[in-house]
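Okay, so here's the structure we're looking at.
Computed from the coordinates by the stated procedures, all read-outs in this text should not be read as laboratory data. Predicted model only: the values in this text are computed from it and were never measured. Cβ: placed from backbone, ideal geometry, glycine included. Neighbour counts: every protein chain shown.
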Amino acid sequence: MSTQPISTETQGQTLNLLVRQVRFEGRGINSYELVDPDGAQLPPFSAGAHIDIHLAGGVVRQYSISNAPRERHRYVIAVLRDERGRGGSKALHEQLRVQDIVRVSRPRNNFHLVDGARRVLLIAGGIGVTPLKAMAHELDDAGIDYEMHYCAKDARSAAFADEFESMRASGRLHFHFDGGDPSAGLDIRDLLNAPGEGQHVYYCGPGGFMNACAAAAQHWPPGTVHFEHFKAPERSPGEHAANDANDSFIVRIARTGQEIEVTKDESIAEALAGAGVAMETSCCAGLCGTCKVRYLEGEVEHNDCIMNDEEKSEYLTACVSRATSKLLVLDL
Ligand code: FES
């Protein structure tokens, strides 16, 4: 492996990377290969990591890195153009061209492969394949037994067909095309019916797919089921919040003693920013972990999609968490 240093251009909080290649990967899906403009190595990442892409007009979106973590010279993301989304994927498809320089964050990871698995099952729904593809590469390199299932509408909607061919030929990867009817696709309940000794499952995909996987994996041992949402799950009215119907609450900054009121119409991050307390945010939807902060006192209603119970006993995400106590003390 090269020992090339990381470029000084990439030493700060964000990196300015060159769009080296844009590839058609499937219906509505482009992949973008991002490299250092001078050919230097990029900051390392592990499978499951994502980067923020900064687009014109202050639009910031998170995309999982899909290539092998051993590749230190590039990050490859794949983006499905979502006509009904918030506009980020459309803007990215329209704005980003080969030879452009784009500002991206350093990689962050809320969706790690955990150590010690004997066998790993990867289940991808649509564009949710991107972090799982990186995991397949990492597992291949580590010599860990795995099997990947990739659910898509049809072959034309499946990304990375060329790269996946050897995985498919070796029997590691199984495609499941449902023609748009999930009941005609992979039987997730059957697949997850009997967890093997030391087996872990990772899944990522759209809302209905996530619900199906969660229901099918309910009986798996604690700590063996891992997932990442790429959109915040929709909540039914009233599902959110013990606290938001009536109350504001107070956040205290532990180091200074400053107390800040968070009203029911704003997030903790917004209230802190309004009071001049710097708090970095990115997705503002409880998906990326940028605004994760330790809390020292108080009861929290979490509302994020990334932390497990152990992390929730220590951290909250300032963009979506609320307090169910009157006071929350943050380790800031
Ligand atoms: S900004 Fe992404 S989790 Fe809060």
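Structure notes:
- Tensor-based shape of the stretch 119-229 (alpha-carbon gyration tensor, a/c under 1.5 rounded, otherwise prolate or oblate): oblate
- Rg and Dmax over the alpha-carbon atoms of the stretch 183-222 stand at 10.2, 30 Å.
- In the chain, the longest principal axis of the Cα atoms and the axis of helix 207-216 are about 90 degrees apart.
- Between Asp190 and Lys326, the C-beta separation translates, for a Förster distance of 56 Å, into a calculated FRET efficiency of about 0.70.
- The DSSP beta bridges internal to the chain are antiparallel in roughly 55% of cases.
- A Cβ-based charge dipole, computed about the Cα centre of the chain with Lys and Arg at +1 and Asp and Glu at -1, lands at about 640 debye.
- The chain: angle of helix 129-142 to the longest principal axis, Cα-based, in degrees nearest 10: 70 degrees
- Pair Arg119, Glu165: separation of 7 Å Cα→Cβ label points (nm): 2.9 nm
- Under 21 Å of direct C-alpha separation, and excluding same-chain neighbours fewer than eight residues apart, Lys90 reaches these lysines: Lys153, Lys231.
- Enclosed volume per residue, in Å³, of the convex hull spanned by Cα atoms of the chain: 157 Å³
- Taking all C-alpha pairs of the stretch 249-330, those more than 18 Å from each other amount to 32 percent.
- Separation in nanometres of the label points that stand 7 Å from Cα toward Cβ, at Val19 and Lys231: 2.4 nm
- Think of the chain as a dipole: +1 on every Lys or Arg Cβ, -1 on every Asp or Glu Cβ, centred on the Cα centre; then among Gly87, Val251, Tyr146, Gly87 lies furthest on the positive end.
- Efficiency of FRET from Cβ geometry, Asp181 and Ala273, R₀ 45 Å, rounded to 0.05: 0.50
- The HN-Hα couplings worked out from phi for the stretch 94-105 by the Karplus form 6.51 cos²θ - 1.76 cosθ + 1.60 (θ = phi - 60°) are 7, 8, 7, 10, 4, 5, 5, 9, 10, 8, 9, 7 Hz, whole numbers, x standing for Gly and Pro.
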